[in-house]
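The structure appears right after this line, and notes come after that.
Every number here is computed from the coordinates shown, using simple stated rules; none is lab data. Small disclaimer: the values here were computed from a predicted structure and weren't measured. As a convention, Cβ positions derive from the backbone with ideal geometry for all residues, glycine included, and neighbour counts pool all protein chains shown.
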Amino acid sequence: PRGCNFGPRCHHFVEGVCNAAEIPMIAVDGHEGHFSRCVRFNEIDWEALPPGAKKVNERVEPGAPVLKIEDLKKYYKVGGSEVFGSSEGRVVKANETISFIARESETVAIVGESGCGKSTLAKVLLGLETASSGTVTLGNQQIQSIGVENRSVETVSSIQMVFQNPFDTLNPSHTVGSQIIRTLEKFNVGNTVADRRQRMLELLDLVKLPRAFETRKPRQLSGGQKQRIGVARAFAGDAKVVVADEPVSALDVSVQAAVTELLMDIQRKNKTTMLFISHDLSVVRYIADRVVVMYLGYIVEQGTTDQIFSPPYHPYTEALLSAIPIADTSVIKKHIVLEGDIPSAMNPPTGCPFQTRCGYKKLVPDNLCETQVPPVKNLGDGHMSLCWLADDVLAKMEPVIKFDKEHAANEGVPDDAPQGVGPGFAGPPPQRPHGKRPKLTDE
């Protein structure tokens, strides 16, 4: 583009100013050595909302339970090998006694390291795998033992998935429009070809893509645009539950924000329940109503976003929060380094699943952590933790991240500033959606 390269995506763009000529590097007022290639940098009020932005969108309160999971287990039998000296089969315990409820309009984040069982749980919910035991109730129907090939069209359309990699979910030989229409045909949406085409165009509108994209092939789309098509297909059948498995991790950072905002907007409009699988706790704090923390197949902690990001923590949750990168010198962060890798689900440790990496187990008497699986403890108001730690130990836990008040004062931050202004801080998270960040397109 002529003038500013960022002009087509900038909320502060002014016709005839930003595209009048090539933009030089311009000194920023009051900041020696700080330069910006923006002709309006010194005149923009950076504390004000950009044009067209909303301060806070209306929050939708969660409704009745839509998805209920009780004591779900998923085991895989692995055959032995005489070559390696084992002829007996072994069992991989991918999910162990998983229980939680997701309500209408609610976003439940499922977090944990690779290998904790998040994606296996998603496969069971989608019917790509069947449960070994336990129940999964969608609406009034139990679906844990019904594979996707045997599920009714209504059930399949009611629980859909947004996959991690948008590059592998579209057929490169077919147009965007034909692939969305194919989804509508599978879900019995529309009575005629014209009905389905009209619905396809409405879905393009829903995911904020031009209707001209109907005739484009996937190779003509950016990563963010492909993921928007994936979102359109997931919502094509008016899904009650959408499982989003790391939906933005394969995208550029600016595009991640746009796609995340899109998912939240559509969820709000449709009152959809969303299970958001992620390892990025910064995103989770921003969008989730409730958080489920998994480790080695177990749920080790679950609660509201406020509860999970404030002490008392499960020791594993505390370690995850300490790993959040924060580029802010006005905060003090507790550094917790977990030793070793996650144990194998084929040969899990006895007792607490986290005991091989936990620094707190020396505070628990009688080697309980190493010999017995902890009970699920209610820390208050539905905040659940799988841990042997005594209540007095939990009560002494401090926030993982807090303000350095002396440094903050030098930066002009008031002494009474809340401790919950960023990811990992004790205190309430920002309202979802946060609203003050300008929205970027992914074009």
How many angstrom lie between the Cα centre of region 1-36 and the Cα centre of region 354-401? 53
Structure shown: which of K77/K362; K123/K269; K333/K362; K226/K271 lie over 30 Å apart, alpha-carbon to alpha-carbon? K77/K362
Taking every DSSP bridge whose two residues both lie in region 65-292, the antiparallel percent to the nearest 5 is 50
Inter-centroid distance (Cα atoms) of region 95-159 relative to region 290-323, Å: 21
In cubic angstrom per residue, the convex hull of region 310-410 built on its Cα atoms measures 126
Rounded, prolate or oblate: which fits the chain, taking a ≥ b ≥ c as square roots of the Cα gyration tensor eigenvalues, rounded meaning a/c under 1.5, else prolate when a/b beats b/c? oblate
For the chain, built as a Gaussian network whose Cα springs stay under 10 Å, the top-fluctuating residue of V364, V111, V14: V14
How long are the semi-axes of the equivalent ellipsoid of region 186-274, defined as square roots of 5 times the Cα gyration tensor eigenvalues? Whole Å, largest first. 22, 17, 10
The convex hull of the Cα atoms of region 65-292, divided by residue count, gives a volume in Å³ per residue of 146
Rounded if a/c is under 1.5, else prolate if a/b is larger than b/c, else oblate: which is region 1-48, with a ≥ b ≥ c the root eigenvalues of its Cα gyration tensor? oblate
Under 10 Å, Cα contacts only: if you run a Gaussian network model on the chain, which one of S36, S322, S145 comes out with the highest mean-square fluctuation? S36
Under Karplus coefficients 6.51, -1.76 and 1.60, residue-wise ³J(HN,Hα) of region 233-246 in Hz, glycine/proline x: 5, 5, 9, 4, x, 6, 4, 7, 10, 10, 9, 9, 9, 6
Taking the chain as a Gaussian network, Cα atoms linked when under 10 Å apart, which of A288, A257, A234 shows the biggest mean-square fluctuation? A257
Give me the percent of Cα-Cα pairs in region 130-183 that sit more than 19 Å apart, rounded to a whole number. 46
Once amide hydrogens are built 1.01 Å from N within the peptide plane, the residues lying 5 or more places from L386 or on another chain with amide H under 5 Å from its amide H are E301, K377
Region 237-312: spread of alpha-carbon positions along the three principal axes, whole Å, largest first, is 36, 28, 23
Rel. contact order, % - alpha carbon contacts under 8 angstrom, at least six apart, the chain: 17
Relative contact order of region 310-410: what whole-number percent is it, with Cα pairs under 8 angstrom and at least 6 residues apart? 39
Give me P(r) over region 110-152, computed from all C-alpha to C-alpha distances, binned every 5 Å, as integer percentages. 5, 24, 28, 21, 14, 6, 2
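Could the peptides 121-133, 376-388 be put in order, highest first, of the mean number of other beta-carbon atoms found within 10 Å of their residues? It would help to have the intermediate numbers written out before the result.
On the way: 121-133: 19.8, 376-388: 17.8.
Ranking, from highest mean packing down: 121-133, 376-388.
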Other-chain or far-sequence residues with amide H under 5 Å of V91's (modelled H): V78
